Amino acid sequence: QVHLVESGGGLVQPGGSLRLSCAASGAISLVYRMGWYRQVPDNGGRELVAWINTDNNTQYGDFVNGRFVITRDGAKTTVDLQMNNLEPEDTSVYYCHFQQWREDWGQGTQVTVSK
């Protein structure tokens, strides 16, 4: 099992920035993908925000439109998500996700974008 520790959520005004971090520890293989999903208000599901893999390939959700950047530190098994130009529609619970031969989820961190 992989243990994920999230940090960096909070309250920010529209147009502001936040940085989310996630640190993984435990049974980690050499090949994995790590990133963030967020809860969808309407149906309770989760949608992709961004992921990065051990080849440093990245994938972003369609709504990101160049506002977010995901990076990783392979030596520390951490990922950072820099979120810029945040909008009220970005308000959600953000979950760290770790995918290898199994998947693990973090507890979630609240991001609120409001005046």
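The values are calculated or read from the model by the stated rules, or taken from the named source; none is laboratory data. What you see is a predicted model; the values in this text were computed from it and never measured. Here Cβ is always computed from backbone atoms with ideal geometry, including for glycine, and neighbour counts include all displayed protein chains. The area values use the complete protein model at the heavy-atom level, side chains included, leaving out ligands, DNA and RNA. Shrake-Rupley method; radii C 1.70, N 1.55, O 1.52, S 1.80 Å.
For the reader, a short list of remarks on this structure follows.
- Tabulated pairs, the range 47-60, first in contact (Cβ under 8 Å) with a residue 60 or more places away in the chain, second open to solvent by 60 Å² or more (accessible area, probe 1.4 Å) and outside any strand (DSSP E or B), C-beta under 7 angstrom, 6+ apart or interchain: none
- In the range 51-65, residue most open to solvent (accessible area, probe 1.4 Å) [restricted to those that are of a type in the set (Val, Ile, Thr) and outside any loop (DSSP other than H, G, I, E, B)]: Thr58
- Single residue of the range 7-50 satisfying the filter (under 19 Å from Asn84 (Cβ atoms) and of a type in the set (Val, Ile, Thr)) that is least open to solvent (accessible area, probe 1.4 Å): Val49
- Tallying residues that are modelled with pLDDT of 95 or more, outside any strand (DSSP E or B), surrounded by fewer than 15 Cβ atoms within 10 Å (Cβ to Cβ) and not hydroxyl-bearing (Ser, Thr, Tyr) within the range 66-114 yields 7.
- Which listed residue, of Gly44, Gly15, is assigned to a loop (DSSP other than H, G, I, E, B), modelled with pLDDT of 95 or more, under 17 Å from Val111 (Cα atoms) and out of contact with any strand residue (DSSP E or B) (no Cβ under 7 Å at 6 or more places or on another chain): Gly15
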